[in-house]
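Enquirer: I'd like to ask some things about the structure below.
Please treat every number below as a calculation from the coordinates, not as lab data. Here the structure is a predicted model, which means the values were calculated and not measured. Because the Cβ atoms are built from the backbone with ideal geometry, glycine has one as well, and the counts that use them run over all protein chains shown.
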Amino acid sequence: MNRIQRILQARIKSLLLEAEAAATTDHNSTTGALREGYLRKFLTDMTPWGISLSGGVMIDLLDKPSQQIDLIASLNSFVPRFLFNETTSMVPVEAVLMAIEVKSELKPEHLEQLNKQNAWISKRVSWLNFQKSLPKNGGILPTAIVSFDCSIKLKNRIVEWMRAKGANSA
């Protein structure tokens with residue numbers, strides 16, 4: 001294992017320990033907010049210059065907002081994001097590189113939430129012509145769910161859901 005791999009592995013271990021410690025609050029909202037903050041810091045430390053990471057909403061050209069999204073990765077050089085505070089912003093959909101939902105425990109209803117988000121994003125991205133500045137991906141904006149816990153039964157359902165959506169489960 002090289003030096004960078006060791007550093008990354010140590011940071012992942014640290015993130016997981018912080019996430020585990022957050023559960024000691026015995027308060028779901030607090031645990032979730034702490035875990036989201038820890039993940040935001042971890043990803044921000046690993047994100048190249050020129051890309052911002054915040055929570056908030058995406059806004060389209062017709063002034064229609066998305067649902068709240070835990071973490072939005074956006075390209076700073078494309079169009080500006082509008083900060084409400086240090087962790088919450090409104091980001092024009094044209095600048096969005098990825099949307100990430102953070103869950104303490106992944107539940108079936110979160111997959112439906114992701115479906116709704118993807119439907120909103122797909123509608124907007126399909127008619128945007130910004131693929132010249134981004135990798136060709138067929139008009140799809142990557143969306144992810146990061147979960148700190150998940151039941152085995154649900155893991156099987158996730159794999160089925162991903163296959164139905166044409167995603168690679170690897």
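Enquirer: At 4 °C and 1.567 mPa s, what whole-number value in µm²/s does Stokes-Einstein give for the translational diffusion of segment 1-116, with Rh from the Kirkwood sum over Cα pairs?
Expert: Numbers: Rh = 15.5 Å.
Using the Kirkwood radius from Cα pairs, D works out to 83 µm²/s.
Enquirer: Regarding segment 1-67, what whole-number volume in Å³ per residue does the convex hull of its Cα atoms give?
Expert: 103
Enquirer: Could you derive backbone 3J(HN,Hα) for segment 30-46 from the dihedral phi with the Karplus parameters 6.51, -1.76 and 1.60 (θ = phi - 60°), listing whole Hz in sequence and x where the residue is Gly or Pro?
Expert: Per residue, the Karplus-derived 3J(HN,Hα) values read 5, 4, x, 5, 5, 4, 4, x, 4, 5, 4, 5, 4, 5, 4, 4, 9 Hz.
Enquirer: Could I have the simple spin-label model distance between Met1 and Ser14, label points 7 Å from Cα toward Cβ, reported in nm to one decimal?
Expert: Once both label points are built, they end up 1.5 nm from each other.
Enquirer: Sorted by packing (mean other beta-carbon atoms within 10 Å per residue), highest first, where do 43-50, 75-82, 22-29 land?
Expert: Numbers: 43-50: 10.4, 75-82: 14.5, 22-29: 12.4.
In descending order of packing, they fall as 75-82, 22-29, 43-50.
Enquirer: Which distance in nm do the two modelled labels at Ser122 and Asp63 give, with both placed 7 Å along the Cα-to-Cβ direction?
Expert: If labels sit at Ser122 and Asp63, their model points lie 2.8 nm apart.
Enquirer: Based on DSSP, what percent of beta bridges with both residues in segment 1-91 are antiparallel, to the nearest 5?
Expert: 65
Enquirer: Near Lys123, which aspartates and glutamates are there with a Cα under 15 Å away, not counting those fewer than 8 places off in the same chain?
Expert: Hits, sequence-local ones excluded: Asp60, Asp63, Glu94.
Enquirer: How big is segment 31-78 by Rg and Dmax over its Cα atoms, in Å?
Expert: Considering segment 31-78 through its Cα atoms, Rg and Dmax are 12.2, 36 Å.
Enquirer: Let me ask something else about it. Quick one: if the Förster radius is 30 Å, what FRET efficiency do Phe82 and Asn115 give, using the C-beta to C-beta distance and rounding to 0.05?
Expert: 0.65
Enquirer: Going by amide H atoms built from the backbone, whose H comes under 5 Å of the H on Lys103, apart from near neighbours?
Expert: Result for Lys103 returns Val146, Ser147, Phe148.
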